[in-house]
Amino acid sequence: MAAPTPSGDPSRGRQSSITSSSSSTSRASSDAVLRNALRYTLSAREYAAMHKYIISRSRVLRRSTPTPARVEKVLQPPSGGDDYNAKTIRHALRIFVGTWLGMKGLDAIKKRMGDKDANANVKKKPFYKSPALRLSLSLSTILLLYRLLFRFLTRLRVHLLDPQVEPFRLRNPRTAATLTSPYAPALGASFAGLALGIFPSDKMRVSIAIFAIFRALEFSWNLFEKEGLVWGFRGDGIKKDRPWWFGSWMLQPFAFGQLLHAAVFDRDCFPKPFGDVVTKITTTYLHARPQDWPLNLKWPQTSQIVDSLAEMARLTWPAYISPTLFPNKEDVLPVSLSAIAPLTSRAHPLITSLSCATLHPSDPSCARTYLTFWLNSFPPLARFFVLLYSALTVIPRVSTLYHNPLATLHRIISAALRTSTCATGAISTAWASICFFQTWLPRHVLATQRFFLGGFFAGLWAWMERRNGRPFFIYTARASVDSLWKVGVKRRWWKSMKGGDVWIFMLALMITGMVHERDANAIREANWRKGMSWVQGQGWRDWGAEEDEDEKDENREKEE
């Protein structure tokens, strides 16, 4: 009997079929992994652009990668579906990666520049505790949850508005009214803002919350103005215009008053970058150590001078006794003010105020010191702002300088002069007000509150920049609110709520979403409107501009 051939072996046939089926299964699973990896990282259009500009230029990559047509076919959503969830995950991953890279780059720049805070945190932390990872995870989670909640609530609202669901609406009128409100998706999706709590509580998280709530309040104010809720209506039903003198510059007197008071009495609650800029400019009132001063003798630092001013206010501004006129008199200074003895001991004998002996010891005239401050500070500030406005004007629009050189130069110089006048006037008034109140107010009248009044008068210089200084005005208002909150917690005027900044951020998202749904044009910046539409998953679209175009088309049809 002939031996059986290998091809006739039934066990080998089963093994080959099992091997081919396993290889086809592994190939299918690998294809599924590749398909999902592509779907959650790139869209078909983005892959086509990358293939056109990068992959097609290399033979190796072109042979080993699929064509754009094949990718488009693979990534095509199933019939009746869409690419919303994949796009949401894709964008969340990009936010995560972009934020992480940005935080790492910022840390590297700070260390390179010798930032004390960055160098103080050199101690290595576990990866899961690093601020870069947690901020990236927080922002990407906010975007992911916001879009999913907004999509779900929008679909639920559409479903509940269907005539077939009328029995449910009749049985549950309050629930139906809540869920079918046009603001329901924005309100519900704003709870995604609680994911900001993933990021550890520090200055950046508080800054994000304050920035968000200020923008939300600004959008709300625009909406109220547009609907006539602020200035009212005339007799003929036309909305009243905003008064010509009204604007964001009116925030500055209150902001500067609070900031100056905090800088003197609660320096730990005062924004340090703001204080560093003011200190560098205020060389006329805050004197550096003289070159001929003996090395073995102390000289008061800027912080000690400011603390001494606060102590003078607490002591109700004690009188100044000149050591030059009374060389044998002891205890010419209170013990708590001994740090400024090197300044007051050299003061001019005609000075009668202890604060004047501290701020301008070599000149008995407060008015001449005020004028000297202007002469010393205005020219360097003007040069700085000329360079700044030149860069901001010329670099983005070089053609304007070429076609209209005189008009461009006039705009740059006038803006620089206005800003320099505003800055110099505000800082000089803040310091000169100390001397002014010492001269015209009794010692016990507003002993500590006069710093707030001095800052209030300094803030009135914002009138000079009332048309173009809105970004700076909003910044100082945010800094003042942050400082005031810290002062209140420090002095136990109110208690700090754990995670309060997270709830404030959620409230800001809620307000912004409602304003966007009510009237997108209340968000005046086109990029902000597009950004809000993108966050909601509706694409980079300007709904406000589209609404305006629709209204114009309707008016044309009516006219025709």
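The values are calculated or read from the model by the stated rules, or taken from the named source; none is laboratory data. Being a predicted model, the structure only gives us computed values, none of them experimental. Because the Cβ atoms are built from the backbone with ideal geometry, glycine has one as well, and the counts that use them run over all protein chains shown. These accessible areas exclude ligands, DNA and RNA; they are computed on the full protein's heavy atoms, side chains included. Shrake-Rupley method; radii C 1.70, N 1.55, O 1.52, S 1.80 Å.
Quick look at the numbers
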quantity	calculated
Count of segment 52-109 residues which are open to solvent by less than 80 Å² (accessible area, probe 1.4 Å), among the aliphatic types (A, V, I, L, M) and more than 25 Å from L144 (Cβ to Cβ)	4
Only one of N404, N376 that is closer than 22 Å to D276 by Cβ and open to solvent by 50 Å² or more (accessible area, probe 1.4 Å)	N376
Residues that are open to solvent by 80 Å² or more (accessible area, probe 1.4 Å) and either part of a helix (DSSP H, G or I) or of a type in the set (S, T, N, Q) (or both), drawn from segment 284-299	Q291, N296
Hits in segment 385-419 - residues which are hydrophobic (A, V, I, L, M, F, W, C), free of Cβ contacts under 8 Å to residues at least 12 places away in the same chain and in a helix (DSSP H, G or I)	L387, A391, L392, V398, L401, L406, A407, L409
Any hit, segment 353-376, residues being of a type in the set (A, V, I, L, M, F, W, C) and part of a loop (DSSP other than H, G, I, E, B)	no
Selection within segment 300-349 - modelled with pLDDT of 90 or more, among the hydrophobic types (A, V, I, L, M, F, W, C) and in a loop (DSSP other than H, G, I, E, B)	L315, W317
Test for D268: is it closer than 23 Å to T476 by Cα, of a type in the set (D, E), open to solvent by 40 Å² or more (accessible area, probe 1.4 Å) and touching a residue at least 12 places away in the same chain (Cβ under 8 Å)	yes
All positions within segment 468-477 that are within 16 Å of the chain's Cα centre (by Cα), in contact (Cβ under 8 Å) with a residue 40 or more places away in the chain and open to solvent by 50 Å² or more (accessible area, probe 1.4 Å)	R470
Residues satisfying the stated conditions in segment 487-530, i.e. among the aliphatic types (A, V, I, L, M) and open to solvent by 20 Å² or more (accessible area, probe 1.4 Å)	V489, M497, I504, L507, L509, M510, I511, M514, A526
Selection within segment 322-331 - among the hydrophobic types (A, V, I, L, M, F, W, C) and either on the phi > 0 side of the Ramachandran plot or touching a residue at least 12 places away in the same chain (Cβ under 8 Å) (or both)	L325
Enumeration of residues in segment 407-422 that are open to solvent by less than 30 Å² (accessible area, probe 1.4 Å), within 24 Å of F256 (Cα to Cα) and of a type in the set (A, V, I, L, M, F, W, C)	A415, A416, C422
Members of segment 108-141 that are among the polar types (S, T, N, Q) and modelled with pLDDT of 75 or more	S130, S136, S138, S140, T141
Evaluation of A391 against (1) surrounded by 14 or more Cβ atoms within 10 Å (Cβ to Cβ); (2) within 28 Å of L251 (Cβ to Cβ) (one fails), failing number	(1)
Helices (runs of 4 or more DSSP H) (entirely within segment 1-107) containing at least 3 residues that are modelled with pLDDT under 55 and at negative phi	10-39
Residues of segment 177-201 classified as in a helix (DSSP H, G or I) and aromatic (F, W, Y), total	1
Hits in segment 230-265 - residues which are in contact with a Phe, Trp or Tyr (Cβ under 9 Å, 6 or more places away or on another chain), open to solvent by 30 Å² or more (accessible area, probe 1.4 Å) and not in a loop (DSSP other than H, G, I, E, B)	K239, W249, M250, L251, F254, F256, L260, H261
